[in-house]
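Remarks on the structure that follows.
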Amino acid sequence: MIVGGTAATDSSKKAQKTYLRSVLNVHLTGFRRNTTRVESPIIGFTEEDARRLHHPHDDALVVSIRVGDYNIHRVLIDNGSSADILYYLAFQQMGIDRARLMPASAPFIGFGGTRVFPIGFITLPVTVGDYLQELTRNVMFLMVDGSSAYNGILGRPILNSWKAATSTYHLMIKFPTDYGIGELQGNQATARECYIAMLEMEDYHQTMCIEEQRTVAELVEELEEIMLNESKLERMTRIGTLACQPVRQALITFLRRNQDVFAWNHEDMPGIDPFVIVHKLNVNPSTPPVWQKKRVFAPERERAIAQEVEKLLEAGFIREVYYLEWLANVVMVKKTSGKWQMCVDFMDLNKACPKDSYPLPRIDALVDSTARHQLLSFMDAFSGYNQIKMEESDQEKMSFVTNQGLFYYKVMPFGLKNAGATYQRLMDKMFAHQIGRNVQVYVDDMLVKSPLEKDHPSDL
């Protein structure tokens, strides 16, 4: 159950009083018959409605809806929610101006009594159904900044405004329209994908449940920590324990011999020569620059921002700026380790840039390509995006504001529209002779694979 979240209330006490008055009104008028109500057509479900599904099932009702000019997928229908919710990440991808958000003071109360405060609310038109049998209603979405496999949750307010009937067995919603009964079908495959994604979230921070760590599956192989440098005890890596002893010993020797390729801090990262690749924004010259108003952060986040700015300055990744065209705010994201990661809200700048359609590898194809290989090594690029320099003429466009001043990136930061495509292009160029043979790369995640474990050190 998701309780509360009514954005129009000034305080929780006022909300309780208003609700108690409405309960009293129900008791007083519950036995009176309203003779002026217009009768709606009878809504029913048949076995024919369920033929498209795989049975038996206990899947959630997950649908796609049209919100304004956008098609929003992975929307959960939840009869237990007293509010209609839109997750902030989906809101950002829609490109709607954050200034349209209205403040919300009332919290959600979810499973276990957890309180979650929305960051605001916004009213948007929602359209469901097919032509003629379609329905459009304005919906007040409460905005939640959290992790979820879903983009939104539709609760009782919108379902009641549709006069909708839901069936979890048929994975379908039916509602009356001026031209007959409209239908909104759930997607069973998407529902199962979302369910699996929610189980695999380690940092499970959502409206209904907050946990620090959630373990779903145990590792199939124990990992052993290996010291790479005896004079620097903190420099460790891990290897599996299932390989035969000669191979494990060869791997340990190999890793210690090549410890210079490990990056422990930004000083260990020389970066990519601009002659190889640089990142260009290609900003539309007809788009006017946007200056975002500075946001206020809690003291804990301000301390994390100050520390990150100091690190970036020492590494030479950012530079102070005095006269700027564009200005963005920083966004703090909590990592699974519990530490804060600083990103920049480049939403306005991204809207002014064309999309780079360079293709990313298909995840399922990468997974399938590792079959029948005896040994795998996984590598992750240290601050991978920051290793690519920015085109000099574009650097000042990536200015951001903090309490420490105004700065801009000299290297490619996280959060840019085409950063992933640029990085994948670099990886494909670097590993052109190995990809598909003994290497697979997805952006900054690399995998080295060997059909025979004895060949793995040479593949590495």
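Between Gln92 and Gln404, what length comes free when the chain is fully extended (0.36 nm per residue of separation minus the Cα-Cα distance, one decimal in nm)?
109.7 nm
Points 7 angstrom from Cα along the Cβ direction at Arg235 and Asp58: gap in nanometres?
5.2 nm
Between Phe275 and Thr370, what length comes free when the chain is fully extended (0.36 nm per residue of separation minus the Cα-Cα distance, one decimal in nm)? If you can, show how the numbers build up before the last one.
Details: separation 95, 0.36 × 95 = 34.20 nm, distance 3.31 nm.
Answer, rounded to one decimal: 30.9 nm.
Just want the answer: with Cβ charges of +1 for Lys and Arg and -1 for Asp and Glu, which residue in Ala371, Pro451, Phe407 is farthest toward the dipole's positive end in the chain?
Phe407
In nm, to one decimal, how far is the Arg437 label point from the Glu183 one, both placed 7 Å along Cα→Cβ?
Simple spin-label model gives 5.4 nm for this pair.
Counting each pair of different Cα atoms once, what's the Kirkwood radius of the stretch 91-203 in Å, rounded to one decimal?
Details: mean 1/r = 0.0613 Å⁻¹.
One over the average 1/r among Cα pairs gives 16.3 Å for the stretch 91-203.
Quick one: how many Å² of Ser337 are accessible to a 1.4 Å probe, rounded to 10?
Surface accessible to solvent at Ser337 totals approximately 80 Å².
Of all accessible surface on the chain at a 1.4 Å probe, what whole percent is carbon and sulfur? Intermediate results must be reported in sequence, preceding the final value.
On the way: 14440 of 27300 Å².
Carbon and sulfur atoms account for 53 percent of the accessible area of the chain.
Mind checking which lysines have their C-alpha under 29 Å from Lys417, skipping anything on the same chain fewer than 8 residues away?
Lys280, Lys293, Lys294, Lys311, Lys334, Lys335, Lys339, Lys351, Lys355, Lys389, Lys397, Lys429
Picking from Val144, Leu242, Ser231, whose Cα lies most toward the positive end of the charge dipole for the chain (charges on Cβ: Lys, Arg +1; Asp, Glu -1)?
Val144
For the stretch 139-155 and the stretch 334-364, compute the distance between their C-alpha centroids and round to whole Å.
What the calculation gives is 20 Å, centre to centre.
For Arg319 and Asn282, what is the calculated FRET efficiency with R₀ set at 22 Å and r taken between the beta-carbons, to the nearest 0.05?
The value I calculate is 0.50.
Using the Cα centre as the reference, give the magnitude of the dipole from point charges on the C-beta atoms of the stretch 304-392 (Lys, Arg: +1; Asp, Glu: -1; all else neutral), rounded to the nearest 20 debye. Numbers along the way, then the final one.
Numbers: 10 positive and 13 negative charges, 81 e Å.
In debye, rounded to 20, the stretch 304-392 gives about 380.
For the stretch 226-289, what class follows from the C-alpha gyration tensor (a ≥ b ≥ c being the square roots of its eigenvalues): rounded when a/c is under 1.5, otherwise prolate if a/b is larger than b/c, else oblate?
Prolate shape, in that a/c is at least 1.5 and a/b is the bigger ratio.
Ignoring ligands and nucleic acids, what accessible area does Thr237 show with a 1.4 Å probe (Å², nearest 10)?
Estimated to the nearest 10 Å², Thr237 gives 30 Å².
From the Cα gyration tensor of the stretch 330-381, with a ≥ b ≥ c the square roots of its eigenvalues, which class applies: rounded if a/c is under 1.5, or else prolate if a/b is larger than b/c, or else oblate? Before the final figure, lay out each step's value.
Details: a/c = 4.20, a/b = 1.49, b/c = 2.83.
It comes out oblate by the Cα gyration axes.
Hey, got the dipole for the chain? About the Cα centre, +1 on K and R Cβ, -1 on D and E Cβ, debye to the nearest 20? All intermediate terms of the calculation are to be shown ahead of the outcome.
Numbers: 50 positive and 56 negative charges, 314 e Å.
It comes to approximately 1500 debye.
Once the Cα gyration tensor of the stretch 87-146 is diagonalised, what are the square roots of 5 times its eigenvalues, in whole Å and ordered largest first, as equivalent ellipsoid semi-axes? It would help to have the intermediate numbers written out before the result.
Details: eigenvalues 126, 49, 23 Å².
Sorted largest first and rounded, they come to 25, 16, 11 Å.
About the Cα centre of the stretch 229-319, how large is the charge dipole given +1 on each Lys and Arg Cβ and -1 on each Asp and Glu Cβ? Please answer in debye to the nearest 20. List each step's numbers first, then the result.
Details: 14 positive and 11 negative charges, 63 e Å.
Charge dipole of the stretch 229-319: 300 debye, to the nearest 20.
What is the distance, in nm, between label points placed 7 Å from the Cα along the Cα-to-Cβ direction at Glu224 and at Asn71?
Modelled inter-label distance: 5.3 nm.
The values are calculated or read from the model by the stated rules, or taken from the named source; none is laboratory data. Remember, predicted model here, so these are calculated numbers, not experimental data. Glycine gets a Cβ as well: all are built from the backbone with ideal geometry, and neighbour counts include every protein chain shown. Note: areas computed on protein heavy atoms with side chains; ligands, DNA, RNA excluded. Shrake-Rupley method; radii C 1.70, N 1.55, O 1.52, S 1.80 Å.
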